[in-house]
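Chemist: Pasting a structure here, questions to come.
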Amino acid sequence: MTRLLLGVTLERICKAVLLLCLVHFVIIMILYFDVYAQRLDFFSHFNVRNSSRIHPYYNFSRPNGTAHTYPAVTSPTDVFTPSAKLELNQTITEKPVPPCPDSPTGLEVFTPNAKLELNQTITEKPVPPCPDSPTGLVGRLLIEFSSPMTMERVQRENPDVTDGGKYTPSDCLPKWRVAIIIPFRHRDHHLKYWLHYLHPILRRQKVGYGIYIINQFGEETFNRAKLLNIGFLEAMKDAEYDCFIFSDVDLIPMDDRNLYHCYEQPRHFAIAMDKFGFRLPYAGYFGGVSGLSKAQFLKINGFPNEYWGWGGEDDDIYNRITLNGMKVSRPDIRIGRYRMIKHERDKHNEPNPQRFTKIQNTKVTMKKDGINSLHYRVVHFAKFAMYTNITVDIGKPPPRPARG
(Lines give C-alpha, C1' and ligand atoms only; values in the text may rest on other atoms or scores of the structure.)
Protein backbone atom coordinates (compact mmCIF):
# COMPACT_ATOMS: atom_id res chain seq x y z
CA MET A 1 0.00 0.00 0.00
CA THR A 2 2.82 2.22 0.94
CA ARG A 3 4.58 1.45 -2.31
CA LEU A 4 1.42 2.18 -4.23
CA LEU A 5 1.04 5.57 -2.62
CA LEU A 6 4.70 6.28 -3.18
CA GLY A 7 4.37 5.37 -6.83
CA VAL A 8 1.34 7.61 -7.24
CA THR A 9 3.17 10.42 -5.54
CA LEU A 10 6.23 10.05 -7.73
CA GLU A 11 4.01 9.90 -10.78
CA ARG A 12 2.32 13.16 -9.78
CA ILE A 13 5.70 14.74 -9.10
CA CYS A 14 7.00 13.62 -12.48
CA LYS A 15 3.87 15.02 -14.19
CA ALA A 16 4.25 18.26 -12.32
CA VAL A 17 7.92 18.45 -13.32
CA LEU A 18 7.02 17.68 -16.92
CA LEU A 19 4.26 20.30 -16.80
CA LEU A 20 6.67 22.85 -15.39
CA CYS A 21 9.20 21.94 -18.05
CA LEU A 22 6.50 22.36 -20.71
CA VAL A 23 5.46 25.70 -19.31
CA HIS A 24 9.08 26.76 -19.12
CA PHE A 25 9.62 25.66 -22.71
CA VAL A 26 6.57 27.59 -23.91
CA ILE A 27 7.75 30.71 -22.08
CA ILE A 28 11.23 30.30 -23.53
CA MET A 29 9.82 29.94 -27.03
CA ILE A 30 7.57 32.99 -26.61
CA LEU A 31 10.45 35.08 -25.39
CA TYR A 32 12.65 33.77 -28.15
CA PHE A 33 10.22 34.60 -30.95
CA ASP A 34 9.51 38.01 -29.41
CA VAL A 35 13.19 38.89 -29.37
CA TYR A 36 13.63 37.42 -32.83
CA ALA A 37 10.79 39.56 -34.18
CA GLN A 38 12.30 42.66 -32.66
CA ARG A 39 15.61 41.86 -34.25
CA LEU A 40 13.92 41.38 -37.60
CA ASP A 41 12.19 44.74 -37.24
CA PHE A 42 15.46 46.35 -36.18
CA PHE A 43 17.39 44.86 -39.09
CA SER A 44 14.72 45.79 -41.62
CA HIS A 45 15.68 49.43 -41.19
CA PHE A 46 19.27 48.77 -42.12
CA ASN A 47 19.46 45.76 -44.36
CA VAL A 48 19.48 47.94 -47.49
CA ARG A 49 22.12 50.42 -46.46
CA ASN A 50 25.64 50.31 -47.67
CA SER A 51 27.22 50.43 -44.24
CA SER A 52 25.39 51.48 -41.11
CA ARG A 53 28.69 52.28 -39.49
CA ILE A 54 29.17 55.26 -41.80
CA HIS A 55 25.58 56.10 -42.85
CA PRO A 56 24.59 59.55 -41.66
CA TYR A 57 21.19 58.43 -40.42
CA TYR A 58 22.32 55.43 -38.30
CA ASN A 59 20.99 55.64 -34.77
CA PHE A 60 23.76 55.49 -32.11
CA SER A 61 21.56 56.82 -29.35
CA ARG A 62 21.08 53.50 -27.55
CA PRO A 63 23.51 52.73 -24.74
CA ASN A 64 26.32 50.46 -25.88
CA GLY A 65 24.98 50.62 -29.38
CA THR A 66 27.26 48.97 -31.90
CA ALA A 67 27.47 49.06 -35.62
CA HIS A 68 27.24 45.99 -37.76
CA THR A 69 28.24 45.30 -41.31
CA TYR A 70 25.42 44.70 -43.78
CA PRO A 71 25.33 43.79 -47.43
CA ALA A 72 26.18 46.61 -49.88
CA VAL A 73 23.48 48.62 -51.64
CA THR A 74 22.69 47.09 -54.97
CA SER A 75 20.06 49.51 -56.27
CA PRO A 76 19.66 53.29 -56.23
CA THR A 77 16.13 52.76 -55.00
CA ASP A 78 17.55 51.55 -51.70
CA VAL A 79 18.63 55.08 -50.75
CA PHE A 80 16.40 56.61 -48.10
CA THR A 81 15.66 60.14 -47.00
CA PRO A 82 15.37 61.05 -43.33
CA SER A 83 11.60 61.32 -43.55
CA ALA A 84 11.14 57.87 -45.06
CA LYS A 85 8.93 55.61 -43.00
CA LEU A 86 9.46 51.93 -43.59
CA GLU A 87 7.39 49.00 -42.50
CA LEU A 88 8.40 45.38 -42.22
CA ASN A 89 8.52 43.54 -45.54
CA GLN A 90 7.61 46.78 -47.44
CA THR A 91 8.95 47.16 -50.96
CA ILE A 92 10.87 50.40 -51.44
CA THR A 93 10.28 52.36 -54.65
CA GLU A 94 11.36 55.89 -55.60
CA LYS A 95 8.93 58.02 -57.61
CA PRO A 96 10.71 59.69 -60.54
CA VAL A 97 10.95 63.49 -60.28
CA PRO A 98 9.78 65.27 -63.48
CA PRO A 99 11.86 68.17 -64.90
CA CYS A 100 10.82 71.74 -63.98
CA PRO A 101 8.67 73.38 -66.70
CA ASP A 102 10.07 76.27 -68.74
CA SER A 103 6.96 78.31 -67.91
CA PRO A 104 5.89 77.56 -64.33
CA THR A 105 2.14 77.61 -63.86
CA GLY A 106 2.14 78.94 -60.30
CA LEU A 107 3.57 82.38 -61.07
CA GLU A 108 1.46 85.49 -60.53
CA VAL A 109 1.98 88.98 -61.91
CA PHE A 110 2.01 91.73 -59.32
CA THR A 111 1.34 95.43 -59.85
CA PRO A 112 2.45 98.38 -57.69
CA ASN A 113 -0.02 99.52 -55.06
CA ALA A 114 -1.67 96.07 -55.08
CA LYS A 115 -2.85 94.93 -51.67
CA LEU A 116 -2.38 91.20 -51.22
CA GLU A 117 -4.07 88.93 -48.75
CA LEU A 118 -4.17 85.14 -48.46
CA ASN A 119 -6.26 83.60 -51.26
CA GLN A 120 -7.32 87.11 -52.40
CA THR A 121 -7.58 88.18 -56.02
CA ILE A 122 -5.14 90.95 -56.91
CA THR A 123 -6.98 94.24 -57.51
CA GLU A 124 -5.75 97.82 -57.81
CA LYS A 125 -7.66 100.40 -55.83
CA PRO A 126 -9.05 103.05 -58.20
CA VAL A 127 -7.89 106.63 -57.70
CA PRO A 128 -10.84 108.99 -57.11
CA PRO A 129 -11.21 112.15 -59.20
CA CYS A 130 -9.88 115.36 -57.67
CA PRO A 131 -12.62 117.51 -56.11
CA ASP A 132 -13.84 120.64 -57.85
CA SER A 133 -13.18 122.58 -54.65
CA PRO A 134 -10.06 121.16 -52.94
CA THR A 135 -10.19 121.19 -49.14
CA GLY A 136 -6.62 122.42 -48.64
CA LEU A 137 -7.11 125.89 -50.11
CA VAL A 138 -6.14 128.87 -47.97
CA GLY A 139 -8.03 131.71 -49.66
CA ARG A 140 -6.58 135.24 -49.53
CA LEU A 141 -2.76 135.20 -49.62
CA LEU A 142 -0.11 137.63 -48.48
CA ILE A 143 2.14 138.33 -51.48
CA GLU A 144 5.37 140.28 -51.00
CA PHE A 145 8.59 140.63 -52.98
CA SER A 146 10.96 142.08 -50.38
CA SER A 147 12.36 138.77 -49.08
CA PRO A 148 15.31 137.39 -51.08
CA MET A 149 14.45 134.38 -53.22
CA THR A 150 16.64 131.61 -54.64
CA MET A 151 15.98 128.56 -56.79
CA GLU A 152 17.40 126.38 -54.03
CA ARG A 153 14.70 127.59 -51.68
CA VAL A 154 11.98 127.05 -54.28
CA GLN A 155 13.18 123.51 -54.88
CA ARG A 156 13.43 122.78 -51.16
CA GLU A 157 9.86 123.98 -50.59
CA ASN A 158 8.44 121.81 -53.40
CA PRO A 159 9.95 118.32 -53.10
CA ASP A 160 7.03 116.65 -54.91
CA VAL A 161 7.63 118.58 -58.13
CA THR A 162 9.59 116.52 -60.67
CA ASP A 163 12.06 117.59 -63.35
CA GLY A 164 10.62 119.99 -65.87
CA GLY A 165 8.37 121.60 -63.26
CA LYS A 166 5.79 118.81 -63.45
CA TYR A 167 3.41 117.65 -60.76
CA THR A 168 0.53 115.19 -60.47
CA PRO A 169 -1.52 114.70 -57.26
CA SER A 170 -0.90 111.32 -55.67
CA ASP A 171 -4.27 110.97 -53.97
CA CYS A 172 -6.66 111.88 -56.78
CA LEU A 173 -6.99 112.06 -60.55
CA PRO A 174 -7.03 115.66 -61.88
CA LYS A 175 -9.73 116.58 -64.37
CA TRP A 176 -7.31 118.59 -66.52
CA ARG A 177 -3.71 118.18 -67.59
CA VAL A 178 -2.50 121.79 -67.58
CA ALA A 179 0.47 123.32 -69.39
CA ILE A 180 1.39 126.71 -67.95
CA ILE A 181 3.21 128.77 -70.57
CA ILE A 182 5.23 131.90 -69.75
CA PRO A 183 6.69 134.21 -72.44
CA PHE A 184 10.10 135.21 -71.20
CA ARG A 185 13.26 137.21 -71.68
CA HIS A 186 15.64 138.64 -69.04
CA ARG A 187 13.25 138.09 -66.11
CA ASP A 188 15.16 135.63 -63.89
CA HIS A 189 14.47 137.69 -60.76
CA HIS A 190 10.71 137.63 -61.42
CA LEU A 191 10.74 133.93 -62.29
CA LYS A 192 12.02 132.95 -58.83
CA TYR A 193 9.13 134.72 -57.11
CA TRP A 194 6.61 133.31 -59.58
CA LEU A 195 7.80 129.75 -58.95
CA HIS A 196 7.95 130.36 -55.19
CA TYR A 197 4.27 131.30 -55.03
CA LEU A 198 2.69 129.34 -57.87
CA HIS A 199 4.03 125.85 -57.16
CA PRO A 200 2.41 125.63 -53.70
CA ILE A 201 -0.80 127.22 -55.00
CA LEU A 202 -1.10 124.74 -57.87
CA ARG A 203 -0.35 121.78 -55.62
CA ARG A 204 -3.05 122.84 -53.16
CA GLN A 205 -5.45 123.17 -56.08
CA LYS A 206 -4.80 119.50 -56.99
CA VAL A 207 -3.74 120.45 -60.51
CA GLY A 208 -1.74 118.12 -62.73
CA TYR A 209 0.59 120.51 -64.50
CA GLY A 210 3.87 121.30 -66.21
CA ILE A 211 5.56 124.72 -66.41
CA TYR A 212 7.16 125.91 -69.66
CA ILE A 213 9.33 129.02 -69.94
CA ILE A 214 9.45 130.11 -73.59
CA ASN A 215 12.57 132.24 -73.77
CA GLN A 216 13.01 134.52 -76.81
CA PHE A 217 16.52 134.23 -78.22
CA GLY A 218 18.46 137.34 -79.16
CA GLU A 219 17.59 141.01 -78.73
CA GLU A 220 15.04 141.57 -81.47
CA THR A 221 11.67 143.12 -80.69
CA PHE A 222 9.70 141.04 -78.21
CA ASN A 223 6.69 139.08 -79.51
CA ARG A 224 4.56 137.78 -76.63
CA ALA A 225 1.76 136.13 -78.62
CA LYS A 226 4.14 134.26 -80.91
CA LEU A 227 5.99 132.86 -77.90
CA LEU A 228 2.65 131.66 -76.52
CA ASN A 229 1.90 129.84 -79.78
CA ILE A 230 5.31 128.17 -79.60
CA GLY A 231 4.66 127.19 -76.01
CA PHE A 232 1.44 125.46 -77.04
CA LEU A 233 3.17 123.35 -79.72
CA GLU A 234 6.25 122.51 -77.65
CA ALA A 235 4.20 121.52 -74.60
CA MET A 236 2.11 119.21 -76.79
CA LYS A 237 5.31 117.56 -78.01
CA ASP A 238 6.50 117.03 -74.45
CA ALA A 239 3.34 115.57 -72.87
CA GLU A 240 -0.41 115.10 -73.28
CA TYR A 241 -2.15 118.33 -72.23
CA ASP A 242 -5.75 119.38 -72.70
CA CYS A 243 -5.61 122.78 -70.97
CA PHE A 244 -3.24 125.73 -71.51
CA ILE A 245 -2.76 128.69 -69.21
CA PHE A 246 -0.78 131.65 -70.54
CA SER A 247 0.74 133.82 -67.81
CA ASP A 248 3.04 136.81 -67.58
CA VAL A 249 5.95 136.12 -65.25
CA ASP A 250 5.37 139.24 -63.15
CA LEU A 251 1.77 138.44 -62.06
CA ILE A 252 1.06 136.52 -58.82
CA PRO A 253 -2.49 135.52 -57.77
CA MET A 254 -3.54 136.78 -54.34
CA ASP A 255 -6.13 134.04 -53.74
CA ASP A 256 -5.63 130.30 -54.29
CA ARG A 257 -9.38 129.86 -54.90
CA ASN A 258 -8.68 131.26 -58.38
CA LEU A 259 -8.40 127.75 -59.81
CA TYR A 260 -5.86 127.26 -62.60
CA HIS A 261 -7.66 124.90 -64.94
CA CYS A 262 -9.87 125.21 -68.03
CA TYR A 263 -13.58 125.90 -68.19
CA GLU A 264 -16.43 125.54 -70.67
CA GLN A 265 -15.51 128.97 -72.05
CA PRO A 266 -12.09 130.65 -72.42
CA ARG A 267 -10.99 131.91 -69.02
CA HIS A 268 -9.56 135.28 -68.00
CA PHE A 269 -7.95 134.91 -64.58
CA ALA A 270 -6.19 138.24 -63.91
CA ILE A 271 -9.24 140.50 -63.79
CA ALA A 272 -8.23 142.71 -60.81
CA MET A 273 -4.58 143.78 -60.82
CA ASP A 274 -3.15 146.13 -58.25
CA LYS A 275 -1.80 148.42 -61.02
CA PHE A 276 -5.41 148.96 -62.19
CA GLY A 277 -6.73 149.52 -58.66
CA PHE A 278 -8.05 145.92 -58.52
CA ARG A 279 -10.59 146.66 -61.24
CA LEU A 280 -11.08 145.39 -64.78
CA PRO A 281 -9.71 148.20 -66.99
CA TYR A 282 -12.29 147.61 -69.78
CA ALA A 283 -14.80 144.94 -70.76
CA GLY A 284 -12.72 143.44 -73.57
CA TYR A 285 -9.53 143.13 -71.55
CA PHE A 286 -7.97 139.65 -71.81
CA GLY A 287 -4.38 140.31 -70.67
CA GLY A 288 -2.08 139.07 -67.93
CA VAL A 289 -3.23 135.51 -67.28
CA SER A 290 -5.68 133.59 -69.48
CA GLY A 291 -6.59 129.98 -70.19
CA LEU A 292 -8.01 127.99 -73.08
CA SER A 293 -8.61 124.31 -73.61
CA LYS A 294 -6.92 122.60 -76.53
CA ALA A 295 -10.15 122.64 -78.53
CA GLN A 296 -10.77 126.32 -77.79
CA PHE A 297 -7.21 127.26 -78.73
CA LEU A 298 -7.35 125.45 -82.08
CA LYS A 299 -10.80 126.87 -82.81
CA ILE A 300 -9.40 130.43 -82.83
CA ASN A 301 -6.26 129.34 -84.76
CA GLY A 302 -4.11 130.15 -81.75
CA PHE A 303 -2.78 133.65 -81.19
CA PRO A 304 -1.60 136.21 -83.77
CA ASN A 305 2.08 136.10 -84.74
CA GLU A 306 2.38 139.64 -86.12
CA TYR A 307 2.17 141.73 -82.94
CA TRP A 308 5.78 142.80 -82.43
CA GLY A 309 6.35 144.97 -79.35
CA TRP A 310 4.04 145.81 -76.48
CA GLY A 311 0.24 145.83 -76.69
CA GLY A 312 -2.60 144.76 -78.92
CA GLU A 313 -2.30 140.95 -78.93
CA ASP A 314 -4.64 140.51 -75.94
CA ASP A 315 -7.40 142.46 -77.67
CA ASP A 316 -6.87 140.46 -80.85
CA ILE A 317 -7.26 137.23 -78.86
CA TYR A 318 -10.46 138.55 -77.29
CA ASN A 319 -11.82 139.34 -80.76
CA ARG A 320 -10.96 135.85 -81.98
CA ILE A 321 -12.88 134.31 -79.09
CA THR A 322 -16.03 136.34 -79.64
CA LEU A 323 -15.89 136.01 -83.44
CA ASN A 324 -15.88 132.20 -83.01
CA GLY A 325 -19.05 132.24 -80.93
CA MET A 326 -17.46 131.88 -77.49
CA LYS A 327 -17.62 134.05 -74.42
CA VAL A 328 -14.94 134.93 -71.88
CA SER A 329 -15.53 133.58 -68.37
CA ARG A 330 -14.06 135.25 -65.29
CA PRO A 331 -13.81 134.53 -61.54
CA ASP A 332 -15.38 136.70 -58.88
CA ILE A 333 -13.53 140.01 -58.70
CA ARG A 334 -12.70 139.38 -55.04
CA ILE A 335 -10.92 136.15 -56.03
CA GLY A 336 -9.29 137.25 -59.30
CA ARG A 337 -6.91 139.71 -57.63
CA TYR A 338 -3.23 139.88 -58.66
CA ARG A 339 -0.07 141.61 -57.58
CA MET A 340 2.43 142.71 -60.18
CA ILE A 341 6.17 142.78 -59.56
CA LYS A 342 7.19 146.34 -60.31
CA HIS A 343 9.77 146.77 -63.04
CA GLU A 344 10.86 149.13 -65.77
CA ARG A 345 9.66 148.56 -69.33
CA ASP A 346 11.83 146.02 -71.10
CA LYS A 347 14.19 147.09 -73.82
CA HIS A 348 13.09 146.08 -77.31
CA ASN A 349 9.48 145.85 -76.13
CA GLU A 350 8.30 149.34 -76.95
CA PRO A 351 4.60 149.97 -77.70
CA ASN A 352 3.55 148.69 -81.10
CA PRO A 353 2.29 151.64 -83.18
CA GLN A 354 0.39 149.29 -85.53
CA ARG A 355 -1.61 147.57 -82.83
CA PHE A 356 -4.82 149.57 -83.27
CA THR A 357 -4.97 148.92 -87.00
CA LYS A 358 -4.32 145.22 -86.55
CA ILE A 359 -7.02 144.86 -83.90
CA GLN A 360 -9.60 146.20 -86.34
CA ASN A 361 -8.68 143.51 -88.89
CA THR A 362 -8.88 140.45 -86.65
CA LYS A 363 -11.79 138.94 -88.58
CA VAL A 364 -9.69 138.90 -91.75
CA THR A 365 -6.28 137.97 -90.33
CA MET A 366 -7.21 135.27 -87.79
CA LYS A 367 -7.70 132.59 -90.46
CA LYS A 368 -4.23 133.02 -91.95
CA ASP A 369 -2.21 134.39 -89.01
CA GLY A 370 -1.93 132.00 -86.12
CA ILE A 371 -0.89 128.46 -85.25
CA ASN A 372 -1.17 127.48 -88.94
CA SER A 373 1.42 130.08 -90.01
CA LEU A 374 3.90 129.71 -87.14
CA HIS A 375 7.64 129.49 -87.90
CA TYR A 376 10.43 129.29 -85.34
CA ARG A 377 13.57 127.38 -84.40
CA VAL A 378 14.33 125.74 -81.05
CA VAL A 379 17.79 126.87 -79.89
CA HIS A 380 17.90 125.06 -76.55
CA PHE A 381 15.62 122.70 -74.63
CA ALA A 382 16.34 121.89 -70.97
CA LYS A 383 14.37 120.48 -68.06
CA PHE A 384 15.27 122.04 -64.73
CA ALA A 385 14.01 121.04 -61.31
CA MET A 386 11.18 123.59 -61.20
CA TYR A 387 10.44 124.30 -64.88
CA THR A 388 11.18 123.46 -68.50
CA ASN A 389 13.15 126.06 -70.44
CA ILE A 390 12.75 126.31 -74.22
CA THR A 391 14.85 128.98 -75.92
CA VAL A 392 13.58 129.80 -79.41
CA ASP A 393 14.57 131.95 -82.35
CA ILE A 394 11.40 133.61 -83.66
CA GLY A 395 13.00 135.67 -86.40
CA LYS A 396 12.82 139.40 -86.99
CA PRO A 397 9.84 141.71 -87.29
CA PRO A 398 8.97 142.96 -90.78
CA PRO A 399 10.13 146.48 -91.56
CA ARG A 400 7.64 149.09 -90.47
CA PRO A 401 6.13 151.23 -93.21
CA ALA A 402 7.51 154.74 -93.47
CA ARG A 403 5.39 157.46 -91.97
CA GLY A 404 3.43 159.72 -94.30
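Chemist: Among the lysines, select those whose C-alpha is under 22 Å from the C-alpha of Lys299, and discard any that sit fewer than 8 residues away in the same chain.
Modeler: Here the lysines satisfying the reach criterion relative to Lys299 are Lys175, Lys226, Lys237, Lys327, Lys358, Lys363, Lys367, Lys368.
Chemist: Take the alpha-carbon centre of the range 246-279, take the same for the range 147-177, and report the distance between them in whole Å.
Modeler: 20 Å
Chemist: Now for a separate question. What distance in nm lies between label points placed 7 Å from Cα along the C-beta direction at Arg279 and His380?
Modeler: So the two model labels end up 4.4 nm from each other.
Chemist: Still on this structure, I have one more. Would you work out what percent of the accessible area of the range 288-398, with all protein chains in place, is carbon or sulfur (probe 1.4 Å)?
Modeler: Numbers: 3050 of 5790 Å².
Result for the range 288-398: 53 percent of the exposed heavy-atom area is carbon or sulfur.
Chemist: Let me ask another. About the Cα centre of the range 348-404, what is the dipole size in debye to 20, counting +1 per Lys and Arg Cβ and -1 per Asp and Glu Cβ, all else neutral? Before the final figure, lay out each step's value.
Modeler: On the way: 10 positive and 3 negative charges, 50 e Å.
With only Lys, Arg, Asp and Glu charged at Cβ, the dipole is about 240 debye.
Chemist: Could you please report the charge total around Lys363, scoring K, R as +1 and D, E as -1 over all other residues with beta-carbon less than 14 angstrom from its beta-carbon? Walk me through the numbers before you get to the answer.
Modeler: Details: positive: Arg320, Lys358, Lys367, Lys368; negative: Asp315, Asp316, Asp369.
Its environment carries a net charge of +1.
Chemist: Using the heavy atoms of the protein chains alone and a 1.4 angstrom probe, what is the accessible area of the range 276-397 per residue in square angstrom? Present the calculation step by step, with values, prior to reporting the outcome.
Modeler: Working: 6360 Å² over 122 residues.
On a per-residue basis, 52 Å².
Chemist: Same structure, new question: Going by the alpha-carbon gyration tensor, a ≥ b ≥ c the square roots of its eigenvalues, is the range 186-288 rounded (a/c under 1.5) or, if a/c is not under 1.5, prolate (a/b greater than b/c) versus oblate?
Modeler: Numbers: a/c = 1.33, a/b = 1.11, b/c = 1.20.
Since a/c stays below 1.5, the shape of the range 186-288 is classed as rounded.
Chemist: Subtract the Cα-Cα distance of Arg334 and Ala16 from 0.36 nm times their separation in residues, and report this length gain in nm to one decimal. Before the final figure, lay out the partial values.
Modeler: Details: separation 318, 0.36 × 318 = 114.48 nm, distance 12.95 nm.
In short, 101.5 nm is gained.
Chemist: Long-range amide H contacts for Val379: which residues qualify at under 5 Å (H placed 1.01 Å from N, peptide plane, sequence gap of 5 or more or a different chain)?
Modeler: The answer is Thr391, Val392, Asp393.
The values are calculated or read from the model by the stated rules, or taken from the named source; none is laboratory data. Computed from a prediction, not measured in an experiment: that's the story for all the values here. Quick reminder, even Gly has a Cβ in these numbers, built from the backbone with ideal geometry, and neighbours come from all protein chains shown. Heads up: the accessible areas ignore ligands, DNA and RNA and are worked out on the full protein's heavy atoms, side chains in. Shrake-Rupley method; radii C 1.70, N 1.55, O 1.52, S 1.80 Å.
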